[in-house]
Amino acid sequence: MKELLSQKFFPYVTKPGRYAGGEPGSIAKNPEGRVNYLHAFPDKYELGQSYLGLQTLYHIVNKDDRFLCERVFAVDRDAEEVMRREGIPLFSLETRRPASEFDAIGFTLPYELVYTNMLAMLDLAAIPLKSKERTDQHPLVMAGGPAVYNPQPLADFVDVFFIGDAEEGLPEMLRVLHECRDDSRQEKLAAICRQVDSVYIPALYDDNQRPRYDFVPVTVTARVERELRPEFYPRQPVVPLVDTAHNHLAVEIMRGCPQGCRYCQAGPIYRPVRHRPQREILEQVETQLAWTGQEEISLVSLSSSDYPQIEELADVVARRVEKKRVSIALPSLRPGTVSPQLLDAVMRVRKAGLTISPEAGTERLRFFIRKDIPDTAIHDTARIAFERGWTSIKLYFMVGLPTETEDDLQGIVRTIKDVYDIGFKYPGKKTINVTLSPFVPKAHTPFQWDGMLPADELLSRIKFIKKRNHINRVHFKYPQVETSALQGALGRGGREMGRVIEGAFVKGCRFDGWSEDFDYDSWLAAFSEAGISLEDSLGPIAFEAALPWSVVSKGPDKEHLLRERQRTSLEHVEYKGTPVAAGHHVAEPEPPAQNYGRGKKKAAARSLASAPTKNRVRIRWGKDDRLKYLSHLDNMRIIERAIRRAGLPVAFSQGFNPTMKLSFGPPLPLGFTSESEFVDITLEANLMPYMLEKLRQSLPEGIRIYEAKVVSGKVQSLSAVLNRVKYRVATTNIPQSVDLKRSIDGVMESPHLEVSRVGKNRTSVVDIRPAIYEICVHQGALETTLGIGEGGYARLSEVLPLLLGDRFEEHLLYSVHRCSMFRVDQKGEPICAMDV
C-alpha cells in the first residue's frame, strides 16, 4: 500500500501533505489484539484537524491500551479521481492502512453539508453505503457531532449514532466491541444498545420509530459530561505540518452557553454550562504551548466573555506567554461584556480579530430572538476597541429571522454606519467587515417549527442591505443562499432525505459547504428524482406534527419549546424597548485630537544597563521522504514552531504584528528531498551549543539539521546571493531505452533551449540553456547543476523532459534530491552557502 501511494498517488495530487500524516503527536500502534478504530472527518484536512473534538477523542481512545485510533479525512476531488483510477482505497494517515480493515469507523458530523462527503468516503473504502447491505466483514459505521441531533437523514447509512458528549461514551462502545470481538454484527449492535447510554441504532427501530425489542429505549437521552476533567485534554496534541483553517492552540475554557437565544441550536445541545477551573486551563496552556510551538492561543467556548473572571484569566495567560511573543484570542465575545481590561490582555502581543455579533438590526428583533443586546452595548464595544487601536471590526448579522421587517433590515444598515462613525473619530483608516448569514431553523430550538425564506428572497434582503450602504470601507461577505436552504431542508428532514443525499452523491456532489464546489442544480435534480419538494421542506411545520428528531431527547422538551415559541408572539406585540443592563454603558471618552501631517519620530528606548547582543545564525537543514510533500510555506511554519518549542531567544520585528526575524533560502520544489536548505535566524543572545541541540529535538521526524554557524557583519539574503543549485536524480527507474549520454550531449551542445513558462497572467517563451551549467551521470545518478537568481533560472522540471521525454514524471517525481546550493563568484570560484 505504501509503495502504491508513493508511486501512483502522492506525485499526482495537489497538496499531498494533507494525506501524508507523520505529524508530531500522531500515534501509530500495533493493531494486533486491539480494537482498531478509525476516526473520520468528512471534510478537508485543513478543517478537520482544526476541530477541537477530534483532538480530544483521538487522545482519549489512544490512551487506552485496548484500542487504537487513527485518522482519515475527506479527500479532495483531484485525489478522489486518482484513487478511483488507480484502485487506491481510502486509507488512514498514521499507517496508511485501508479503512475497510478497521473494526469501526466513527464520523464527526459538524453540520449537514458534509453528508455527501461521508458517502464518498464509505464508497472509496469499498464499504456498502446502506447499513442493511453490510456483513460481518465490514467495519461498524458510527457517527456523532452536532448534526446527529437529528439522525434520521442518515439513518440508512449509519449503524450507530452517539448523541452528546463522547469523552466517555466512545470508549464505552469500543470496550463492548473488544469484549464481543467474535460476535456477529447484529450481536455487537444489540450489546452496544444494552450497555451504552445515549446511542441510537436505526436498525433496532421500525419505520414508525418504535423500538423492535424491549431493551431498546423509546427516546435516546443525549450524554452530558458533568465535569470537563483535565485528563480529557492531551498534553501532546497532534501538530499539523500543513496550513490549517485555524493555526492556533485551541484551549476549551467552558462548554455550554448561559444565553438562551431562540435561534441557536448550540445553546440547547451543549447545556448545561460547565466552567473549567482557571488552574487547569493555565496548566494546559503551558504544557500544550511547549509541545506545539503555536504563536496564538484561542480561549474557546460558545461565549468566552461569559466565563467567570474572564478578564483575570485572559490577563494571566497573556502575561505568561508574552515573552514568547504568543498572543491570545477570544473568538466569541458578547457585546456589553467586553471591557478595556479584556482587550488590553488580548492586544498585549498582537491584535487578534474582533467580532461583534448583534445578529439583528434592531433592539425589537434582538429582544424577540432573546439576544438581549441594546444598541449602546454594541456602540460601547466598538468604542473600546477603536480607542485601543483596532482598525478593523467584524459585524455578524442574520437575515430572514422570524418577524423580520424592512425596518430591521434598515437597522442593520444603521448599526454598520454607527460603528463606522465611532471608528472615524479615532486616527487611522477603519474597515468594517460585515457577514450576513441566512437564518436556518434548527431542531431542538423554539424556532424549529418556523419556515425558512426561499433563497431568492434571502438574496433580495441581502442586496437591500448592501445597496443602502454608502461607505466604501465596509465589506460584505455572505454564503451562497442556496447552501443555507439545503442545510435547512436536510437539518429538519426525516429518513426520506436519505434518498436525496444518496442521489446527490451519485451525481458527484462533494464539499457542499465550499462555494467553489457546491452544485445546486445537481441537488435540485436529486430532490426531484426522490419525489421531494425542496420548497415544501423549507416551509413551516405544524405544531401537532411528529418531528423526525423526536427520538432524541436533549434539553427542554417539546412542550417547553412550544410554550417558548408561543411566547414570542406575545413579545412581538408587547415589546416596548430593551432596558439597558447594569454595567453595559461605558461613558464615551474624548477622542484623541486629530493630527495632520508627518508625526514626530519616536526614539527607540535603549537600556543603559547592557548593549544589544544580536547574532545571525545560519543553519543548513534538509528533509527526507517522510516530509517531501510539504510546501515551502509549510516548511517555514515547521521551523518557526520548532524555534518556539526549543525556547530559542529569537529576535522579533516591531509593530502591531511582531514576527520572527528569519530569512529562508530559495524554496525547495514540492516532492523533492534535500540536504541543502538554509535559514538565517537572528537571536537576541549568543548562540550556545545547547540551543542547537534543543532545536534538533524540537523538529519533527523527517527534518534534520546538518550544521550551523554564526554569520557576522551585514549579510544579504540567501535568495539574493546564491546562484547555483545541484540536484541528483536516481536512474534506477529510467527505462533502458533512454540513451542518457546521447541526451546529455544533445542538451549541452545546443546553443538555445526554449521552453514555455506559464505565469499568472501570461505564458512566455524562455531560453533556459544559459542556466544549465552541468549535466552528468555520477555513481548511478543523474546530476544537474542549474542556475538560480543572478545565475539565470532553469527549473529541473524543464530540463528533465529534454533528457527523458515527456513522460519523465512517471519515473522521477519521487526520487529527486537537492544536493547543494552555492555561489559562483566573478572569478568562477564556488563559495559554499554557509560561507557566503
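If you check L38, L68 for being assigned to a strand (DSSP E or B), of a type outside the set (D, E), buried (at least 21 other Cβ atoms within 10 Å of the Cβ) and more than 22 Å from the chain's Cα centre (by Cα), only one passes: L68.
Scanning the range 71-104 for residues being more than 23 Å from the chain's Cα centre (by Cα) and in a strand (DSSP E or B) gives a total of 2. Taken together, the residues in the range 126-146 that are under 20 Å from Q195 (Cβ atoms), open to solvent by 10 Å² or more (accessible area, probe 1.4 Å) and assigned to a loop (DSSP other than H, G, I, E, B) amount to 1. Applying a threshold of 6 Å to beta carbon distances and a minimum spacing of six or more residues, or different chains, the list of pairs starting in the range 473-496 at a residue that is more than 26 Å from A545 (Cβ to Cβ) and ending at one that is open to solvent by 50 Å² or more (accessible area, probe 1.4 Å) and not aliphatic (A, V, I, L, M) reads H475/N433; F476/K466; Q480/S515. The set of residues in the range 184-195 that are part of a helix (DSSP H, G or I) and polar (S, T, N, Q) comprises Q186, Q195.
Checked across the range 15-33, the condition of being open to solvent by 10 Å² or more (accessible area, probe 1.4 Å), of a type in the set (S, T, Y), part of a loop (DSSP other than H, G, I, E, B) and within 24 Å of L119 (Cα to Cα) holds for no residue. Taking the numbered list (1) of a type in the set (A, V, I, L, M, F, W, C); (2) open to solvent by less than 40 Å² (accessible area, probe 1.4 Å); (3) free of Cβ contacts under 8 Å to residues at least 12 places away in the same chain in turn, L699 passes all entries but (3). The residues in the range 1-12 that are among the aliphatic types (A, V, I, L, M) and open to solvent by 10 Å² or more (accessible area, probe 1.4 Å) can be counted, and the count is 2.
The criterion of being open to solvent by less than 30 Å² (accessible area, probe 1.4 Å), assigned to a helix (DSSP H, G or I) and at pLDDT 95 or above holds for L486.
When residues of the range 335-377 are filtered for being part of a loop (DSSP other than H, G, I, E, B), open to solvent by 40 Å² or more (accessible area, probe 1.4 Å) and touching a helix residue (DSSP H, G or I) at 6+ places or on another chain (Cβ under 6 Å), how many remain?
1
Screening E286, E225 for residues that are open to solvent by 30 Å² or more (accessible area, probe 1.4 Å) and either assigned to a loop (DSSP other than H, G, I, E, B) or charged (D, E, K, R) (or both) leaves exactly one candidate, E286.
Within the range 454-483, restricting attention to residues that are assigned to a strand (DSSP E or B) and open to solvent by less than 70 Å² (accessible area, probe 1.4 Å), which residue is nearest to I416 (Cα to Cα)? Even if it seems obvious, please write down each step before you answer.
So in the range 454-483, the residues assigned to a strand (DSSP E or B) come out as 474-477.
If we keep only those that are open to solvent by less than 70 Å² (accessible area, probe 1.4 Å) as well, we get 474, 476.
Details: V474: 8, F476: 11 Å.
Checked the range 454-483; the qualifying residue nearest to I416 (Cα to Cα) is V474.
Close Cβ contacts (under 6 Å, 6 or more residues apart or on different chains) running from residues in the range 417-443 that are outside any loop (DSSP other than H, G, I, E, B) to residues that are open to solvent by 60 Å² or more (accessible area, probe 1.4 Å) comprise T431/R473; N433/K394; N433/H475; T435/Y396; T435/K477; L436/Y478. Only a single item in (1) out of contact with any helix residue (DSSP H, G or I) (no Cβ under 7 Å at 6 or more places or on another chain); (2) more than 23 Å from K467 (Cα to Cα); (3) not in a loop (DSSP other than H, G, I, E, B) is not met by G411, and it is number (2). Only helices (runs of 4 or more DSSP H) whose full extent lies in the range 717-836 are considered here, and the ones with at least 1 residues that are closer than 30 Å to K661 by Cα and either free of Cβ contacts under 8 Å to residues at least 40 places away in the same chain or open to solvent by 20 Å² or more (accessible area, probe 1.4 Å) (or both) are 718-721.
Examine the range 680-698 for a residue that is in a strand (DSSP E or B), under 20 Å from I831 (Cα atoms) and touching a strand residue (DSSP E or B) at 6+ places or on another chain (Cβ under 9 Å), and state whether such a residue exists.
Yes, there is a match, as at least one residue in the range 680-698 is in a strand (DSSP E or B), under 20 Å from I831 (Cα atoms) and touching a strand residue (DSSP E or B) at 6+ places or on another chain (Cβ under 9 Å).
Scoring P667 on the criteria (1) open to solvent by 30 Å² or more (accessible area, probe 1.4 Å); (2) under 19 Å from D625 (Cα atoms); (3) touching a residue at least 40 places away in the same chain (Cβ under 8 Å) leaves a single failure, condition (3).
Within the range 147-183, being in contact with a strand residue (DSSP E or B) (Cβ under 6 Å, 6 or more places away or on another chain) and outside any helix (DSSP H, G or I) holds for P151, V158, D159, V160, F161, F162, I163, G164, D165, A166. The set of residues in the range 266-283 that are open to solvent by 60 Å² or more (accessible area, probe 1.4 Å) and acidic (D, E) contains only E283. Within the range 305-330, restricting attention to residues that are out of contact with any Leu (no Cβ under 8 Å at 6 or more places or on another chain) and either of a type in the set (S, T, N, Q) or in contact (Cβ under 8 Å) with a residue 60 or more places away in the chain (or both), the residue that is nearest to D344 (Cα to Cα) is S327. Looking at (1) farther than 20 Å from G145 by Cα; (2) surrounded by fewer than 20 Cβ atoms within 10 Å (Cβ to Cβ), can you tell me which one P110 breaks? Result: P110 passes all but (1). Residues of the range 257-280 include at least one that is touching an Asp or Glu at 6+ places or on another chain (Cβ under 9 Å) and in a helix (DSSP H, G or I). No other residue among V799, V729 is closer than 28 Å to K827 by Cα and not charged (D, E, K, R) apart from V799. Restricting attention to the range 626-662, the residues that are surrounded by fewer than 17 Cβ atoms within 10 Å (Cβ to Cβ), modelled with pLDDT of 90 or more and not in a loop (DSSP other than H, G, I, E, B) total 5.
Does at least one position in the range 77-87 carry a residue that is under 23 Å from R181 (Cβ atoms) and surrounded by 18 or more Cβ atoms within 10 Å (Cβ to Cβ)?
To start, the set of residues in the range 77-87 that are under 23 Å from R181 (Cβ atoms) comprises none.
No, that holds for no residue.
Give the residues of the range 653-683 that are under 18 Å from E295 (Cα atoms) and in contact with a Pro (Cβ under 9 Å, 6 or more places away or on another chain), sorted by residue number. Once the filter is applied, which keeps residues that are under 18 Å from E295 (Cα atoms) and in contact with a Pro (Cβ under 9 Å, 6 or more places away or on another chain), the range 653-683 yields only L683. Report yes if G508 is in a loop (DSSP other than H, G, I, E, B) and either open to solvent by less than 70 Å² (accessible area, probe 1.4 Å) or more than 30 Å from D418 (Cβ to Cβ) (or both), otherwise no. It is true that G508 is in a loop (DSSP other than H, G, I, E, B) and either open to solvent by less than 70 Å² (accessible area, probe 1.4 Å) or more than 30 Å from D418 (Cβ to Cβ) (or both).
The values are calculated or read from the model by the stated rules, or taken from the named source; none is laboratory data. Remember, predicted model here, so these are calculated numbers, not experimental data. Every residue, glycine as well, gets a Cβ built from its backbone with ideal geometry; the counts of neighbours run over all protein chains shown. For accessibility, only protein heavy atoms count, side chains too; no ligands or nucleic acids. Shrake-Rupley method; radii C 1.70, N 1.55, O 1.52, S 1.80 Å.
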